[in-house]
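This report concerns only the one structure given below.
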Amino acid sequence: MKLTFAQKMLWAAAALALIAFAALAWTGGLRASGTGEATQEAFRPEFRLEDAATRPVTSEDFRGRYQLVFFGFTNCPDVCPTTLSEVAQVMDGLGSEADRVQPLFISVDPERDAGAELAEFTSAFHPSILGLAGSPEATQAAAESFKVFFAREDDAAAPDGYSMAHASALYLIGPDGDWLRQYAYGMPAADILADLQNRL
Amino acid sequence: MKLPVAAVLAFALSAGFVQAEPVRQGDLEIDAAWARASIGSSRPGAAYFTVRNLGDEADRLTGLSSPVSAMPMLHETTLSEGISRMAHVEAAEIPAGGELTLEPGGMHVMLMELTTPLKEGATFPLTLTFEAGGEITVEVPVFGPGATGPAE
Ligand SMILES: [Cu+2]
């Protein structure tokens with residue numbers, strides 16, 4: 001078979017495109033992106049916090065159950081209720097299997113969210129959601145172990161003059177404590193439910 | 001097309017059937033206003049609506065007031081690399097022939113310093129101030145704390 005110059009150039013271009021695509025797929029697969037689909041090396045988040053009754057609660061307490069974890073704050077009327085209402089729909093959707101999943105709401109704003117404040121907030125969405133808070137150090141440690149970002153940002157246009165920037169995804173932790181995946185903000189409850197049901 | 005009455009009724013019931021009527025004034029129409037019930041009154045509430053500009057000149061939403069909040073403000077949630085933030089927005093444009101939609105995860109009215117808790121099933125007045133269109137007051141129905149849209 002004889003190729004013209006133009007044909008050779010086309011084949012070269014196609015080969016280059018293939019290499020570029022493979023490289024993209026490779027780096028894309030390694031990166032812990034916001035899509036939740038990316039593979040990531042296994043790790044085991046740990047926390048030592050308190051529930052609304054100030055009883056100590058640690059990551060070890062949930063072995064044997066899946067945990068659906070959200071980091072947020074109760075002065076968050078826009079993003080946090082959206083996610084917690086999705087969690088509520090997921091828990092209702094699980095029906096008799098709901099006791100195999102523990103939803104956790106970890107406050108990144110322990111200054112304002114402690115004790116009864118936390119329970120009042122989480123119970124507005126679903127009785128199964130357990131609100132947790134801790135000292136600033138314990139909160140930081142918990143977030144770091146989940147590889148989750150949050151930061152206090154001064155803002156005159158926010159209640160008490162500050163707001164919290166925070167990761168908006170839901171995290172799924174397995175019965176052995178391993179981080180399994182994240183569900184990006186806005187993922188429909190039905191999709192989260194289907195993914196969970198596949199695992200149960 | 002004819003829909004069975006029962007199906008329509010079932011939908012209306014499932015949708016709560018409390019959707020506010022659109023309010024038209026001049027070239028502007030405010031539609032689908034709703035708010036989430038607040039959890040207590042120490043935490044802020046959030047309200048949402050759509051503004052349609054039926055005219056051929058752009059207008060701007062520049063102010064908000066309501067008896068239920070001592071500090072209502074236009075906020076925008078931005079999501080970047082999975083991190084959400086809220087920031088104050090001075091004014092929002094409604095392009096000629098276009099619309100401005102406030103919705104969860106985007107722009108919202110942040111109702112701070114509530115004078116009364118926003119209770120599910122109640123309504124409250126919200127006055128919007130437009131640069132050209134003047135003041136328009138809408139009655140905002142309050143849905144559950146986990147509501148995600150005007151049809152719940
Ligand atoms: Cu806000």
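Here the range B:5-143 is treated as an ellipsoid with the same Cα gyration tensor; its semi-axes, largest first and in whole Å, are 23, 21, 16. Take the Cβ atoms of A:S135 and B:T115, set R0 to 45 Å, and the FRET efficiency comes out at 0.85. For the range A:71-200, the alpha-carbon coordinates run over 44, 27, 26 Å along the three principal axes, in decreasing order.
Residue-wise HN-Hα couplings along the range A:78-91, as the Karplus relation 6.51 cos²θ - 1.76 cosθ + 1.60 with θ = phi - 60° gives them from phi, are 9, 6, 4, x, 4, 5, 5, 6, 5, 4, 4, 5, 4, 5 Hz; Gly and Pro carry x. Shielding of peptide A:70-78 by partners, expressed as the average count of other chain Cβ atoms within 10 Å per residue Cβ, is 6. The distance linking the range A:46-91 with the range B:78-119 is 25 Å (Cα centroid to Cα centroid, whole angstrom).
Near B:G63, the amide H atoms lying under 5 Å from its own belong to B:T129; only residues 5 or more places off or on other chains count, and H is placed 1.01 Å from N. What's the average, rounded to a whole number, of partner chain beta-carbon atoms within 10 Å of each residue's beta-carbon in B:80-92? Mean number of neighbouring Cβ atoms from other chains: 6.
In this rough spin-label picture, where each label sits 7 Å from Cα along the Cβ direction, the A:E153-A:S96 distance is 4.7 nm.
Each reported figure results from applying straightforward, stated rules to the coordinates on display, with no laboratory input. Worth saying up front: this structure is predicted, and the values here are computed from it rather than measured. All Cβ positions, glycine included, derive from the backbone under ideal geometry; neighbour counts span all protein chains shown.
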